[in-house]
1. Assuming R0 = 41 Å, can you tell me the calculated FRET efficiency for the pair GLU30 and ARG130, based on Cβ-Cβ distance, to the nearest 0.05?
2. Mind checking the full-extension length gain between LEU62 and GLU100? Use 0.36 nm per residue of separation minus the Cα-Cα distance, one decimal, nm.
3. How high is the FRET efficiency from THR5 to GLU81, r the C-beta distance, R0 25 Å, rounded to 0.05?
4. Per residue of the stretch 38-47, what does 6.51 cos²θ - 1.76 cosθ + 1.60 with θ = phi - 60° give for ³J(HN,Hα)? Whole Hz please, x for Gly and Pro, Karplus curve as stated.
Amino acid sequence: MPDETCQFMTFKLGDELFALKVSQVREVLEVPQITKVPTAPAYMRGVVNVRGQAIPVVDLRLRFGLQSIQETLSTRVIVMELLIDGETAVIGGLADSVHEVIELAAENITPPPSIAMRWKTDFILGMGRRGDEFIIILDVNAVFSSEEFLAVSASTAAVDALEKLVAV
């Protein structure tokens, strides 16, 4: 983590509070119509149309090994920019709710504990502390390996091609 204050957007999955670097968040959407993608990984909900671009949407609960739940009025799609194998990729993550943008100073961020962690520490940049509250800061680039993202992208491209054929 840098030696300065960073901005993070917080969101919840179950009772846990997570954060992403604001610089990686493109936008936050109410849950639009999601088109299912056959043969996609279980955690991939499908694709959404964001201003004419098909964006894959991943259920972050399933990706992190939590049980899927029914969407609520608070459920949001966080559209993120990832860096995978040196290429910028855009993906949506389904979160239970999105909360706020916060600033955390470097001294309030510690490395994730190596034991007794419910989450894969490969996915975690650090643990932020704000008062008595802990915030799990995600490394979204690590959440999606290049192989997984290639599979998701191939599925998205197939749906995009089908939609273009149907529109003709």
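Values quoted throughout were computed directly from the atomic coordinates according to the rules given, and no laboratory measurement underlies them. Everything numeric in this text was worked out from a predicted model, so none of it was measured. Reconstructed Cβ throughout: ideal geometry from the backbone, glycine too, with neighbour counts over all protein chains shown.
1. Values: r = 27 Å, r/R0 = 0.65.
After rounding, the FRET efficiency stands at 0.95.
2. On the way: separation 38, 0.36 × 38 = 13.68 nm, distance 2.28 nm.
Answer, rounded to one decimal: 11.4 nm.
3. 0.75
4. x, 6, 7, x, 4, 6, 8, 7, x, 10
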